[in-house]
Amino acid sequence: MQTHIVSLLVEDRPGVLTRMSGMFTMRGINITSLTVSPCEKKGLSRMTVAIKGTESEVEKVRKQLSNLIEVVKVVDLRAAEAIICDLCLLKVHTKDSEVRLEVMQLAQSYGAKIMDAALDSVILELTEEPMKIDRFVDLMQHFGVKQLFRTGVTAIGRGAGGG
């Protein structure tokens with residue numbers, strides 16, 4: 001099983017999200033990440049769904065989603081053909097100034113922004129591909145992660161076409 005990113009262009013109406021997620025539930029496929037937002041076309045929203053499944057399972061779900069009235073477009077975004085990002089906010093414990101400096105230096109090396117610094121913690125923001133965020137969070141666990149928030153995967157196809 002591998003992670004698949006499916007981009008959906010859907011009508012912006014109540015109940016659409018429930019119907020979309022229900023399609024995955026009926027197939028026994030777990031959604032690992034889901035983001036929904038308005039898009040460039042009035043009255044439509046874009047959903048980015050990350051799921052784990054086999055190629056055949058994902059293909060069946062794509063076909064079923066395409067048949068729903070509210071769905072305008074379904075695109076399976078391949079990692080090599082898309083820009084895939086996640087946003088992470090995390091509060092890291094800093095027991096003293098040396099630890100705070102070390103956390104801030106590591107954050108900078110990953111491209112994370114320092115959103116707030118207090119005597120006992122630092123709040124960091126990192127927007128990056130999900131696996132890089134996973135590595136960064138694992139590294140910060142050493143210091144003590146007080147809180148962690150992730151927005152979920154957002155993706156866009158490269159070039160003129162795509163999701």
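Which of the lysines could a cross-linker span from LYS52 if the Cα-Cα distance has to be under 19 Å and same-chain partners fewer than 8 positions apart are dropped?
LYS60, LYS63, LYS132
Which residues in the stretch 10-37 place their backbone N less than 14 Å from a point set 7 Å from the Cα of ASP134 along the Cα-to-Cβ direction?
It comes to 32-33, nothing else.
Only Lys, Arg, Asp and Glu count, each charged at its Cβ (+1, +1, -1, -1), so figure out the dipole size of the stretch 29-117 about its Cα centre, rounded to 20 debye.
Values: 13 positive and 12 negative charges, 72 e Å.
That gives the stretch 29-117 a dipole magnitude of about 340 debye.
What number do you get for the stretch 2-77 when its Cα radius of gyration is normalised by 2.2 N^0.38 Å, N = residues? Please report the intermediate quantities before stating the final value.
On the way: Rg = 11.4 Å, N = 76, 2.2 N^0.38 = 11.4 Å.
For the stretch 2-77, the normalised Cα radius of gyration comes out at 1.00.
Which of these, ARG78, ARG13, ARG46, has the largest mean-square fluctuation under a Gaussian network model of the chain (Cα springs below 10 Å)?
Of ARG78, ARG13, ARG46, the Gaussian network model singles out ARG13 as fluctuating most.
Which of VAL145, ALA50, LEU101 sits farthest toward the positive end of the charge dipole of the chain, with +1 on the Cβ of Lys and Arg and -1 on the Cβ of Asp and Glu?
With unit charges placed on the Cβ atoms, the residue in question is ALA50.
Using Cα atoms only, what is the angle between the long axis of helix 130-141 and the major principal axis of the chain, expressed in degrees (0 to 90) to the nearest 10?
Once rounded, the angle reads 30 degrees.
Normalized C-alpha radius of gyration of the stretch 83-155, against 2.2 N^0.38 Å? Intermediate results must be reported in sequence, preceding the final value.
Values: Rg = 11.6 Å, N = 73, 2.2 N^0.38 = 11.2 Å.
In units of the 2.2 N^0.38 Å rule of thumb, it is 1.03.
In degrees from 0 to 90, rounded to the nearest 10, what is the angle of the helix 55-67 Cα long axis to the longest principal axis of the chain?
Result, in degrees: 60.
If I model a spin label at THR3 and THR127 as a point 7 Å from the Cα along the Cα→Cβ vector, what separation in nanometres do I get?
Going from the THR3 label point to the THR127 one covers 1.8 nm.
Hey, which aspartates and glutamates would be in cross-link range of LYS42, C-alpha to C-alpha under 19 Å, not counting anything within fewer than 8 residues on its own chain?
Qualifying aspartates and glutamates at Cα under 19 Å: GLU11, ASP12, GLU70.
For a test of the definition: using alpha carbon positions, the gyration tensor, and the 1.5 limit on a/c, classify the chain as rounded, prolate or oblate.
Numbers: a/c = 2.47, a/b = 2.31, b/c = 1.07.
Note, shape of the chain comes out prolate.
Between MET115 and LYS41, what length in nm is gained on full extension when 0.36 nm per residue of separation is reduced by their alpha carbon distance? Don't skip to the end; give the middle numbers.
On the way: separation 74, 0.36 × 74 = 26.64 nm, distance 3.26 nm.
Stretched fully, the MET115-LYS41 segment lengthens by 23.4 nm.
Mean residue ellipticity at 222 nm from the helices of the chain, using -39,500 (n - 2.57) per DSSP H segment of n ≥ 4 over the full residue count, to the nearest 500 deg cm²/dmol? Intermediate results must be reported in sequence, preceding the final value.
Details: 4 runs with 50 residues, N = 163.
Theoretical 222 nm ellipticity from helices: -9500 deg cm²/dmol.
Treat each spin label as a single point 7 Å out from the Cα along the C-beta direction, and report the GLU11 to GLU102 distance in nm.
5.7
How much length is gained on full extension from ILE156 to ALA79, taking 0.36 nm per residue of separation minus their Cα-Cα distance?
Working: separation 77, 0.36 × 77 = 27.72 nm, distance 0.99 nm.
Separation in residues times 0.36 nm, less the Cα-Cα distance, equals 26.7 nm.
Taking the chain as a Gaussian network, where each spring joins two C-alpha atoms under 10 Å apart, which residue of PHE149, PHE136, PHE24 fluctuates the most?
Looking only at PHE149, PHE136, PHE24, the largest GNM fluctuation is found for PHE149.
Place a +1 charge on the Cβ of each Lys and Arg in the chain and a -1 charge on the Cβ of each Asp and Glu, then give the dipole magnitude about the Cα centre in debye, rounded to the nearest 20.
Working: 21 positive and 20 negative charges, 118 e Å.
Charge dipole, the chain, about its Cα centre: 560 debye, nearest 20.
Determine, from the Cβ-Cβ distance of THR18 and LEU89 and an R0 of 30 Å, the FRET efficiency 1/(1 + (r/R0)^6), rounded to the nearest 0.05.
With R0 = 30 Å, the Cβ-Cβ based efficiency is 0.65.
Read-outs throughout are calculated quantities, based only on the coordinates presented, and are distinct from any laboratory measurement. From a predicted model like this one, the values you see are computed outputs, not experimental measurements. All Cβ positions, even for glycine, are placed from backbone atoms using ideal geometry, and neighbour counts span all protein chains on display.
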